[in-house]
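Below you'll find the structure, written out as C-alpha coordinates, and then a few comments.
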Amino acid sequence: MTTLQSAIECLCTGRVEPTAEALAVFREFRDELTQGKIRAAEKHGTIWIVNAWVKQGILLGFRLGALEESGDALTFVDKNTFPARHFTLADRIRVVPGGSSAREGAYIAPGVVCMPPMYINVGAYVDEGTMVDSHALVGSCAQIGKRVHISAAAQIGGVLEPVNASPVILEDDVLVGGNCGVYEGTLVRARAVLGAGTILTRSTPVYDIVRGEVYRATPEKPLEIPENAVVVPGSRAITKGKAAEWNLSLYTPVIVKYRDEKTDKALELEELLR
(Lines give C-alpha, C1' and ligand atoms only; values in the text may rest on other atoms or scores of the structure.)
Protein backbone atom coordinates (compact mmCIF):
# COMPACT_ATOMS: atom_id res chain seq x y z
CA MET A 1 0.00 0.00 0.00
CA THR A 2 1.43 3.37 -1.02
CA THR A 3 1.71 6.36 1.29
CA LEU A 4 -0.76 8.26 -0.92
CA GLN A 5 -3.27 5.41 -0.81
CA SER A 6 -2.99 5.23 2.98
CA ALA A 7 -3.51 8.98 3.29
CA ILE A 8 -6.60 8.92 1.06
CA GLU A 9 -8.13 5.97 2.91
CA CYS A 10 -7.44 7.65 6.25
CA LEU A 11 -9.17 10.87 5.15
CA CYS A 12 -12.18 8.89 3.94
CA THR A 13 -12.83 7.12 7.24
CA GLY A 14 -14.77 9.93 8.89
CA ARG A 15 -15.83 13.54 8.64
CA VAL A 16 -13.24 15.54 6.76
CA GLU A 17 -12.66 19.29 6.70
CA PRO A 18 -10.90 21.21 3.90
CA THR A 19 -7.75 21.81 5.94
CA ALA A 20 -4.49 22.72 4.25
CA GLU A 21 -3.15 19.23 4.97
CA ALA A 22 -6.20 17.46 3.53
CA LEU A 23 -6.20 19.64 0.43
CA ALA A 24 -2.48 19.02 -0.12
CA VAL A 25 -3.04 15.26 -0.05
CA PHE A 26 -5.96 15.58 -2.43
CA ARG A 27 -4.05 17.78 -4.89
CA GLU A 28 -1.21 15.23 -5.00
CA PHE A 29 -3.81 12.54 -5.67
CA ARG A 30 -5.51 14.61 -8.39
CA ASP A 31 -2.20 15.38 -10.11
CA GLU A 32 -1.27 11.68 -10.26
CA LEU A 33 -4.74 10.87 -11.60
CA THR A 34 -4.41 13.55 -14.29
CA GLN A 35 -0.98 12.23 -15.28
CA GLY A 36 -2.22 8.63 -15.50
CA LYS A 37 0.09 7.43 -12.73
CA ILE A 38 -2.90 6.03 -10.86
CA ARG A 39 -6.23 4.92 -12.31
CA ALA A 40 -9.63 3.61 -11.25
CA ALA A 41 -9.03 0.16 -12.78
CA GLU A 42 -6.01 -1.73 -14.15
CA LYS A 43 -5.62 -4.79 -16.34
CA HIS A 44 -3.69 -7.76 -14.96
CA GLY A 45 -3.39 -10.38 -17.67
CA THR A 46 -6.96 -10.61 -18.97
CA ILE A 47 -8.57 -9.50 -15.71
CA TRP A 48 -9.51 -5.92 -14.82
CA ILE A 49 -9.04 -5.00 -11.16
CA VAL A 50 -10.87 -2.05 -9.61
CA ASN A 51 -8.81 0.33 -7.44
CA ALA A 52 -11.50 1.25 -4.93
CA TRP A 53 -9.23 3.70 -3.11
CA VAL A 54 -8.89 5.78 -6.30
CA LYS A 55 -12.67 6.14 -6.47
CA GLN A 56 -12.64 7.06 -2.77
CA GLY A 57 -10.13 9.80 -3.56
CA ILE A 58 -12.38 11.24 -6.28
CA LEU A 59 -15.36 11.29 -3.92
CA LEU A 60 -13.12 12.91 -1.29
CA GLY A 61 -12.47 15.75 -3.75
CA PHE A 62 -16.16 16.52 -3.96
CA ARG A 63 -16.42 16.53 -0.16
CA LEU A 64 -13.47 18.90 0.18
CA GLY A 65 -14.48 21.21 -2.66
CA ALA A 66 -16.39 24.48 -2.49
CA LEU A 67 -18.45 26.03 -5.27
CA GLU A 68 -16.48 28.48 -7.37
CA GLU A 69 -17.27 30.63 -10.40
CA SER A 70 -15.06 30.28 -13.46
CA GLY A 71 -14.99 31.37 -17.08
CA ASP A 72 -15.20 34.67 -18.90
CA ALA A 73 -17.70 34.83 -21.77
CA LEU A 74 -19.50 31.80 -20.32
CA THR A 75 -19.55 31.35 -16.56
CA PHE A 76 -19.67 28.06 -14.68
CA VAL A 77 -20.18 27.17 -11.02
CA ASP A 78 -18.55 23.92 -9.89
CA LYS A 79 -16.41 22.41 -7.13
CA ASN A 80 -13.03 24.13 -7.06
CA THR A 81 -11.30 20.79 -6.46
CA PHE A 82 -12.13 19.65 -10.02
CA PRO A 83 -11.60 22.62 -12.36
CA ALA A 84 -11.54 22.28 -16.14
CA ARG A 85 -8.25 21.10 -17.61
CA HIS A 86 -6.14 23.52 -19.62
CA PHE A 87 -4.11 22.08 -22.50
CA THR A 88 -0.87 23.24 -24.08
CA LEU A 89 1.16 22.16 -27.13
CA ALA A 90 3.35 20.14 -24.78
CA ASP A 91 0.39 17.85 -23.97
CA ARG A 92 0.24 16.77 -27.65
CA ILE A 93 -3.54 16.43 -27.42
CA ARG A 94 -5.63 17.80 -30.29
CA VAL A 95 -8.59 19.73 -28.85
CA VAL A 96 -10.55 21.24 -31.73
CA PRO A 97 -12.27 24.59 -30.91
CA GLY A 98 -15.97 24.51 -30.17
CA GLY A 99 -17.02 23.85 -26.59
CA SER A 100 -15.20 20.71 -25.45
CA SER A 101 -14.20 20.25 -21.81
CA ALA A 102 -12.34 17.84 -19.57
CA ARG A 103 -11.93 17.96 -15.82
CA GLU A 104 -8.72 17.84 -13.86
CA GLY A 105 -8.32 14.26 -12.70
CA ALA A 106 -9.00 12.87 -16.19
CA TYR A 107 -5.99 11.30 -17.93
CA ILE A 108 -5.84 12.07 -21.65
CA ALA A 109 -2.81 10.60 -23.42
CA PRO A 110 -0.74 12.26 -26.16
CA GLY A 111 -2.27 11.72 -29.59
CA VAL A 112 -5.89 11.83 -28.41
CA VAL A 113 -8.24 13.83 -30.65
CA CYS A 114 -11.17 15.70 -29.06
CA MET A 115 -13.86 16.92 -31.47
CA PRO A 116 -16.27 19.62 -30.29
CA PRO A 117 -18.32 19.53 -28.22
CA MET A 118 -17.28 16.55 -26.13
CA TYR A 119 -16.80 15.99 -22.39
CA ILE A 120 -14.40 13.82 -20.37
CA ASN A 121 -15.18 13.49 -16.67
CA VAL A 122 -12.91 13.06 -13.66
CA GLY A 123 -11.29 9.65 -13.20
CA ALA A 124 -11.55 8.74 -16.88
CA TYR A 125 -8.47 7.24 -18.57
CA VAL A 126 -8.22 7.84 -22.33
CA ASP A 127 -5.22 6.17 -23.97
CA GLU A 128 -3.10 7.10 -27.00
CA GLY A 129 -4.56 7.58 -30.46
CA THR A 130 -8.19 7.60 -29.35
CA MET A 131 -10.76 9.93 -30.89
CA VAL A 132 -13.63 11.34 -28.81
CA ASP A 133 -16.05 12.67 -31.40
CA SER A 134 -18.64 15.46 -31.30
CA HIS A 135 -21.31 15.33 -28.57
CA ALA A 136 -19.66 12.26 -27.03
CA LEU A 137 -19.32 11.68 -23.28
CA VAL A 138 -16.60 9.75 -21.46
CA GLY A 139 -18.01 9.30 -17.98
CA SER A 140 -16.32 9.24 -14.60
CA CYS A 141 -13.71 6.46 -14.21
CA ALA A 142 -14.32 5.01 -17.70
CA GLN A 143 -11.22 3.23 -19.01
CA ILE A 144 -10.61 3.76 -22.73
CA GLY A 145 -7.83 1.89 -24.56
CA LYS A 146 -5.54 2.84 -27.43
CA ARG A 147 -6.87 3.80 -30.88
CA VAL A 148 -10.51 3.69 -29.80
CA HIS A 149 -13.04 5.74 -31.78
CA ILE A 150 -15.99 7.02 -29.76
CA SER A 151 -18.29 8.31 -32.50
CA ALA A 152 -20.64 11.29 -32.45
CA ALA A 153 -23.23 11.37 -29.65
CA ALA A 154 -21.95 8.13 -28.06
CA GLN A 155 -22.26 7.89 -24.29
CA ILE A 156 -19.67 5.99 -22.24
CA GLY A 157 -21.27 5.90 -18.82
CA GLY A 158 -19.57 6.79 -15.56
CA VAL A 159 -19.39 4.40 -12.60
CA LEU A 160 -18.11 6.20 -9.51
CA GLU A 161 -20.27 4.56 -6.85
CA PRO A 162 -20.19 2.06 -5.28
CA VAL A 163 -16.42 2.35 -5.13
CA ASN A 164 -15.84 -1.38 -5.72
CA ALA A 165 -18.01 -1.47 -8.87
CA SER A 166 -16.30 -1.98 -12.22
CA PRO A 167 -16.19 1.07 -14.48
CA VAL A 168 -17.07 0.91 -18.15
CA ILE A 169 -14.04 -0.41 -20.04
CA LEU A 170 -13.29 -0.23 -23.78
CA GLU A 171 -10.10 -2.09 -24.66
CA ASP A 172 -7.73 -1.25 -27.54
CA ASP A 173 -9.01 -0.64 -31.09
CA VAL A 174 -12.71 -0.68 -30.19
CA LEU A 175 -15.04 1.26 -32.50
CA VAL A 176 -18.15 2.74 -30.90
CA GLY A 177 -20.69 3.87 -33.48
CA GLY A 178 -22.79 7.00 -33.32
CA ASN A 179 -25.51 7.26 -30.67
CA CYS A 180 -24.28 4.17 -28.82
CA GLY A 181 -24.60 3.88 -25.05
CA VAL A 182 -22.26 1.73 -22.94
CA TYR A 183 -23.25 1.72 -19.27
CA GLU A 184 -23.06 0.03 -15.85
CA GLY A 185 -19.56 -1.41 -15.97
CA THR A 186 -19.82 -3.14 -19.36
CA LEU A 187 -16.49 -4.52 -20.61
CA VAL A 188 -15.91 -4.33 -24.37
CA ARG A 189 -12.92 -6.42 -25.36
CA ALA A 190 -10.28 -5.41 -27.93
CA ARG A 191 -11.21 -4.70 -31.56
CA ALA A 192 -14.95 -5.07 -31.01
CA VAL A 193 -17.27 -2.93 -33.14
CA LEU A 194 -20.51 -1.47 -31.79
CA GLY A 195 -22.85 -0.52 -34.62
CA ALA A 196 -24.66 2.81 -34.47
CA GLY A 197 -27.39 2.89 -31.85
CA THR A 198 -26.21 -0.13 -29.84
CA ILE A 199 -27.04 0.06 -26.11
CA LEU A 200 -25.22 -2.13 -23.58
CA THR A 201 -26.25 -2.37 -19.90
CA ARG A 202 -26.16 -4.91 -17.08
CA SER A 203 -29.78 -5.90 -17.72
CA THR A 204 -29.47 -6.37 -21.49
CA PRO A 205 -28.58 -9.87 -22.78
CA VAL A 206 -26.45 -10.02 -25.93
CA TYR A 207 -27.26 -12.73 -28.49
CA ASP A 208 -24.29 -14.15 -30.42
CA ILE A 209 -25.78 -15.71 -33.55
CA VAL A 210 -22.30 -16.73 -34.76
CA ARG A 211 -21.33 -18.85 -31.75
CA GLY A 212 -24.82 -19.64 -30.51
CA GLU A 213 -24.21 -18.02 -27.11
CA VAL A 214 -26.11 -15.53 -24.94
CA TYR A 215 -23.98 -13.17 -22.84
CA ARG A 216 -25.37 -11.68 -19.62
CA ALA A 217 -24.06 -9.81 -16.62
CA THR A 218 -24.06 -11.64 -13.27
CA PRO A 219 -24.04 -10.28 -9.71
CA GLU A 220 -20.26 -10.83 -9.72
CA LYS A 221 -19.37 -9.83 -13.28
CA PRO A 222 -20.46 -7.12 -15.71
CA LEU A 223 -21.66 -7.72 -19.25
CA GLU A 224 -18.69 -8.62 -21.45
CA ILE A 225 -18.46 -8.30 -25.24
CA PRO A 226 -15.90 -10.71 -26.78
CA GLU A 227 -12.86 -9.62 -28.79
CA ASN A 228 -13.52 -8.78 -32.46
CA ALA A 229 -17.29 -9.04 -32.04
CA VAL A 230 -19.45 -6.88 -34.33
CA VAL A 231 -22.57 -5.88 -32.38
CA VAL A 232 -25.66 -4.25 -33.90
CA PRO A 233 -29.08 -3.31 -32.51
CA GLY A 234 -31.62 -6.10 -32.84
CA SER A 235 -34.89 -7.32 -31.37
CA ARG A 236 -36.43 -10.49 -29.93
CA ALA A 237 -40.09 -11.40 -29.98
CA ILE A 238 -42.20 -11.50 -26.81
CA THR A 239 -43.96 -14.86 -26.76
CA LYS A 240 -46.45 -14.47 -23.91
CA GLY A 241 -49.54 -12.45 -23.07
CA LYS A 242 -50.81 -9.35 -24.80
CA ALA A 243 -47.33 -8.53 -26.10
CA ALA A 244 -47.35 -11.76 -28.11
CA GLU A 245 -50.89 -11.06 -29.32
CA TRP A 246 -49.80 -7.62 -30.47
CA ASN A 247 -46.59 -8.98 -32.08
CA LEU A 248 -44.36 -6.81 -29.91
CA SER A 249 -40.63 -7.29 -29.53
CA LEU A 250 -37.89 -6.02 -27.21
CA TYR A 251 -34.61 -4.37 -28.10
CA THR A 252 -31.52 -6.54 -27.78
CA PRO A 253 -27.93 -6.26 -29.04
CA VAL A 254 -26.92 -8.99 -31.50
CA ILE A 255 -23.43 -10.17 -32.48
CA VAL A 256 -23.78 -10.73 -36.23
CA LYS A 257 -20.15 -11.49 -37.10
CA TYR A 258 -16.55 -11.21 -35.94
CA ARG A 259 -14.07 -8.80 -37.48
CA ASP A 260 -12.46 -9.90 -40.72
CA GLU A 261 -10.54 -8.28 -43.56
CA LYS A 262 -13.73 -6.82 -45.05
CA THR A 263 -14.65 -5.20 -41.73
CA ASP A 264 -11.16 -3.76 -41.33
CA LYS A 265 -11.23 -2.20 -44.81
CA ALA A 266 -14.52 -0.52 -43.98
CA LEU A 267 -12.89 1.04 -40.91
CA GLU A 268 -9.74 2.33 -42.63
CA LEU A 269 -11.33 5.75 -43.13
CA GLU A 270 -11.17 6.28 -39.37
CA GLU A 271 -7.38 6.59 -39.58
CA LEU A 272 -7.66 9.52 -41.99
CA LEU A 273 -9.55 11.55 -39.38
CA ARG A 274 -6.89 11.40 -36.68
Filter result (in a loop (DSSP other than H, G, I, E, B), crowded, with 16+ Cβ neighbours inside 10 Å and of a type outside the set (S, T, N, Q)) within the stretch 44-69:
65
Residue 124 is checked against (1) touching a Pro at 6+ places or on another chain (Cβ under 7 Å); (2) under 13 Å from residue 34 (Cα atoms); (3) among the hydrophobic types (A, V, I, L, M, F, W, C) and fails just one. What number does that condition carry?
(1)
Whichever residue in the stretch 29-43 is part of a loop (DSSP other than H, G, I, E, B) and not aliphatic (A, V, I, L, M) and, among such residues, is nearest to the chain's Cα centre (by Cα)
39
Which residue is nearest to residue 83 (Cα to Cα), if the candidates are limited to the stretch 110-142 and must be assigned to a strand (DSSP E or B) and in contact with a Leu (Cβ under 7 Å, 6 or more places away or on another chain)?
119
With respect to residue 72, is the statement that it is assigned to a loop (DSSP other than H, G, I, E, B), acidic (Asp, Glu) and either loosely packed, with under 15 Cβ neighbours inside 10 Å or modelled with pLDDT under 95 (or both) true?
yes
Can you spot a residue in the stretch 183-192 that is surrounded by fewer than 24 Cβ atoms within 10 Å (Cβ to Cβ), over 30 Å from residue 9 (Cβ atoms) and aromatic (Phe, Trp, Tyr)?
no
Within the stretch 193-221, how many residues are under 14 Å from the mean Cα position of the chain (by Cα) and crowded, with 20+ Cβ neighbours inside 10 Å?
1
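Quick one: would you say residue 184 is modelled with pLDDT under 95 and among the acidic types (Asp, Glu)?
It is false that residue 184 is modelled with pLDDT under 95 and among the acidic types (Asp, Glu).
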Looking at the structure I just gave you, is residue 34 closer than 15 Å to residue 126 by Cβ and touching a Gly at 6+ places or on another chain (Cβ under 6 Å)?
yes
If you go through the stretch 188-220, how many residues are assigned to a loop (DSSP other than H, G, I, E, B) and in contact (Cβ under 8 Å) with a residue 24 or more places away in the chain?
14
Among (1) within 26 Å of residue 165 (Cβ to Cβ); (2) more than 20 Å from the chain's Cα centre (by Cα); (3) not small (Gly, Ala, Ser) - the single one residue 68 does not satisfy
(1)
Taking the stretch 167-182, which residues are in a loop (DSSP other than H, G, I, E, B) and either surrounded by 20 or more Cβ atoms within 10 Å (Cβ to Cβ) or on the phi > 0 side of the Ramachandran plot (or both)?
167, 168, 171, 173, 174, 177, 179, 180
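In the set 123, 99, which member is farther than 20 Å from residue 197 by Cβ, of a type outside the set (A, V, I, L, M), out of contact with any strand residue (DSSP E or B) (no Cβ under 8 Å at 6 or more places or on another chain) and buried (at least 18 other Cβ atoms within 10 Å of the Cβ)? Write out each step before concluding.
Numbers: 99 fails: buried (at least 18 other Cβ atoms within 10 Å of the Cβ).
Step by step, each of 123, 99 is checked, and only 123 is farther than 20 Å from residue 197 by Cβ, of a type outside the set (A, V, I, L, M), out of contact with any strand residue (DSSP E or B) (no Cβ under 8 Å at 6 or more places or on another chain) and buried (at least 18 other Cβ atoms within 10 Å of the Cβ).
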For the stretch 102-109, indicate whether the set of residues that are touching a Leu at 6+ places or on another chain (Cβ under 7 Å) and either in a loop (DSSP other than H, G, I, E, B) or farther than 28 Å from residue 9 by Cα (or both) is non-empty.
yes
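The values are calculated or read from the model by the stated rules, or taken from the named source; none is laboratory data. All values derive from a computational prediction rather than experimental measurement. Virtual Cβ from ideal backbone geometry, glycine too; neighbours counted across all protein chains shown.
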